[in-house]
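Student: One structure follows; several queries about it will come next.
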Amino acid sequence: NDMLAWQRCGFHFRTVRNYMNDPSGPMYYKGWYHLFYQHNKDFAYWGNITWGHAVSRDLINWEHLPVAVGPDHWYDISGVWTGSIIVVSEDRVVMLFTGGTESKAQNINLAEAADPSDPLLLKWIKYDKNPVLWPPPGIVRDDFRDPNPIWYDSSDSTYHIVVGSKNDSLQHTGIALVYLTKDFKKFDLLPTVLHSVDKVGMWECVEVYPVATAGPLLHKAIDNFDVNRVLDRSTVKHVLKASMNDEWHDYYAIGTFDPIANTWIPDDETVDVGIGLRYDWGKFYASRSFFDPLKQRRIIWGYIGEVDSQKADIAKGWASLQGIPRSVLYDVKTGTNVLTWPIEEFESLRMTRKDFSGIMINKGSTVELSDIGDAYQIDIEAEFKISKEELEATIEADVGYNCSTSGGAATRGTLGPFGLLVLANQDLTENTATYFYVSKGTDGALRTHFCQDETRSSKANDIVKRVVGGTVPVLDDETFAVRILVDHSVIESFAMGGRTSTTSRAYPTEAINSAARVFLFNNATGVNVIAESVKIWQMNSTYNDFYHF
Ligand code: DQQ
């Protein structure tokens, strides 16, 4: 029916049919960006997983290629799970992937591009002596997956490969194992783990990548395998990221990586991996980054799952999609986080624009942003200011505020919530709220929360609806800045230039097609809010529905 068909997005990368999850092996190769992804080609749900494959010239428009590898051996008969691709030389491109046996025992396998001179890398051949790795002693057989190269030691041509795992003989400890290999056939496990954190559970899709903290590369990126080229090593830090399936979030921390000692040490252990920062508070998982040599930047992809029923997904004929690829940079202004931001290519999809400025949103009111055209495939940038006098007059406000548990957008406090309502119907019985909420301690310290309230996103009841979000640094001279990309059933929101983000799925029943609207709102009792500027662009659709074969 119409409502289900409307949910299909216009500018996100997705399958033509059926299911996808994790991205794997993103890279630029001989003129093409490649993306591989976990793909069930027969059904709109997880199972019978293969590596789907697509290529693009611009990271916006995609051609779907045949499945790269699928389950066809005893070691991967339950599925060809997540892994990575390494361009070793002109004549060798290797794929490492996770296999699952019939009883779902996990192992690591090698495949090679049959013809590395083919820019599309269409054909892959599995190594005849697979698997190349089984879990080491002490690791249970289904806690061993997602190999990823983190370092190349050019002095002896050795790759360092990380595999995510868990140690339950400790305290439900997430661990990163590191193996050395020269040929991807023989691997040596390093005696100590790269890093571990207790009580956070299995580490999936582990990554380690460099970010520049100063110097000429600050606004660019560093190739994982080329860190030695950076002259001043004191300007490099490494992000360690793990996807934690106890709660389905991608956590990261910034720290110092020593590949020779095989250690990674967080800058601040109170915000270690799994207990501190997340890239995104909503639906964004199993992310994978790559170094883009064309534009000298690091890009991460993460997938966005569904929160409706499997029945609805089968009826739609597709499920899950990839988030907008994001550039990743160290946030030099705060020094505590990275910035993830939609890559600049997406700005080329912007069409007509409507500007608003200086809109006063009185306490307890909403303001519709009208004449913006259809409001379901749009890009919004907004900046808010709150009245300084009223803020200063406030002595103490909501110090214990928490996006998820403090009642969402409808619950009024002194200094929040205020922000936007998207995919809203006229009477606001359906909407998704993206907002800031400021709390103030008696010592005058402000703490800003960035939240997304899905609880009124749809009148349908077979959907998981939550309030998601966390705190975000806002410096003294800064306005409250948000960018929201709405693409039918996907809402990706970025606060403060990408210091944090929240991604939601929304499946409205009324606020679809021309009935979808955008409002400003201010539910604070103690401050008036000024929307200093709001820009709304209609977004073009991308080319994404065609098989190249
Ligand atoms: N998805 C894959 C696993 C990975 C998980 C299976 C993360 O390899 O650990 O589809 O979403």
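Student: Taking the Cα centroid of the range 36-91 and of the range 132-169, what is the distance between the two, rounded to the nearest whole Å?
Tutor: So the separation of the two Cα centres works out to 21 Å.
Student: Which order do MET244, MET3 fall in if you start with the one that has the fewest other Cβ atoms within 10 Å?
Tutor: Starting with the residue having the fewest Cβ neighbours, the order is MET3, MET244.
Student: Expressed as a whole number of Å, what is the distance separating the alpha-carbon centroids of the range 352-400 and the range 479-496?
Tutor: 13
Student: Here's something else I'd like to know. Using the 4.7 Å Cβ rule, please list in number order the cysteines from the chain without any candidate partner.
Tutor: Isolated Cys, the chain: CYS9, CYS205.
Student: Right, next: How high is the FRET efficiency from MET3 to THR192, r the C-beta distance, R0 45 Å, rounded to 0.05?
Tutor: Computed FRET efficiency for MET3 and THR192: 0.25.
Student: Please name whichever of THR429, ALA524, GLY413 sits farthest to the positive end of the charge dipole of the range 350-539, dipole taken about the Cα centre and charges placed at Cβ: Lys and Arg +1, Asp and Glu -1.
Tutor: Positive-most Cα among the choices belongs to THR429.
Student: Looking at the range 454-549, which trypsin sites (Lys or Arg not before Pro) are in a loop (DSSP not H, G, I, E or B) and have at most 15 other Cβ atoms within 10 Å?
Tutor: Filter output for the range 454-549: LYS459.
Student: Sticking with this structure for a sec: Could you tell me how far the Cα centroid of the range 1-18 sits from the Cα centroid of the range 258-336, in Å?
Tutor: A separation of 23 Å, based on Cα centres.
Student: Then there is this: Take GLU344 and HIS172, extend 7 Å from each Cα along the Cα→Cβ direction, and tell me the distance between the two endpoints in nm.
Tutor: About 4.5 nm, to one decimal.
Student: Turning to a different aspect of this structure: Can you work out the FRET efficiency for the pair SER155 and SER309, with r the C-beta to C-beta distance and R0 = 51 Å, to the nearest 0.05?
Tutor: Efficiency, from the Cβ-Cβ distance: 0.40.
Student: On to the next question. Whole-Hz Karplus ³J(HN,Hα) for the range 295-301, in order, using 6.51 cos²θ - 1.76 cosθ + 1.60 and θ = phi - 60°, x for Gly and Pro?
Tutor: 10, 6, 9, 9, 10, 10, 10
Student: Also, I was wondering about something else. Would you work out the charge dipole size for the chain about its Cα centre, treating the Cβ of every Lys and Arg as +1 and the Cβ of every Asp and Glu as -1, and quote it to the nearest 20 debye?
Tutor: In debye, rounded to 20, the chain gives about 460.
Student: Further, regarding this structure: What do you get for GluC sites (Glu not before Pro) in the range 385-415 restricted to DSSP loop and a cutoff of at most 12 other Cβ within 10 Å of the site's Cβ?
Tutor: GLU396
Student: Can you list the lysines whose alpha carbon is less than 24 Å from that of LYS295, not counting same-chain residues fewer than 8 positions off?
Tutor: Hits, sequence-local ones excluded: LYS30, LYS220, LYS237, LYS241, LYS333.
Student: Hey, which of these cross-link pairs are over 23 Å Cα-Cα: LYS41/LYS166; LYS129/LYS182; LYS283/LYS465?
Tutor: Where the Cα-Cα span goes over 23 Å, the pairs concerned are LYS41/LYS166.
Student: For LYS185, give me every one of the aspartates and glutamates with a C-alpha distance below 20 angstrom, ignoring sequence neighbours fewer than eight places off in its own chain.
Tutor: ASP72, ASP76, GLU90, ASP91, GLU112, ASP115, ASP128, ASP146, ASP153, ASP156
Student: Moving to a separate point now. Any chance you could list P(r) for the range 107-154, counting all Cα-Cα pairs in 10 angstrom bins from zero, rounded to whole %?
Tutor: Each 10 Å bin holds this share of Cα pairs: 21, 35, 35, 9, 0.
Student: Any idea what the dipole of the range 462-549 comes to, in debye rounded to 20, about its Cα centre with Lys/Arg Cβ at +1 and Asp/Glu Cβ at -1?
Tutor: 160
Student: What relative contact order, as a whole-number percentage, does the chain give when Cα pairs under 8 Å and 6 or more residues apart are counted?
Tutor: 15
Student: Determine the relative contact order of the range 1-138: mean sequence separation of Cα pairs under 8 Å and six or more apart, normalised by residue count, in whole percent.
Tutor: It comes to 16 percent, rounded to a whole number.
Student: I've got another one for you. With a cap of 16 neighbouring Cβ atoms within 10 Å, and only residues DSSP puts in a loop, list the chymotrypsin sites (Phe, Trp or Tyr not before Pro) found in the range 129-188.
Tutor: Answer in residue order: no site qualifies.
Student: Output the relative contact order of the range 102-180, whole-number percent, from Cα pairs under 8 angstrom with separation of 6+ residues.
Tutor: Averaging sequence separation for qualifying contacts and normalising by length gives 22 percent for the range 102-180.
Student: Rounded to the nearest 0.05, what FRET efficiency do ALA515 and GLU392 give with R0 = 35 Å and r taken as the Cβ-Cβ distance? Could you check?
Tutor: My answer for the efficiency is 0.25.
Student: Tell me, ILE304, ILE386 in order of fewest to most beta-carbon neighbours within 10 Å?
Tutor: ILE386, ILE304
Where a number appears in this text, it was derived from the coordinates with a stated rule and is not lab data. As the structure is a prediction and not an experimental result, all values here were calculated from the model. In this analysis, Cβ positions are derived from the backbone assuming ideal geometry, glycine residues included, and neighbour counts consider all displayed protein chains.
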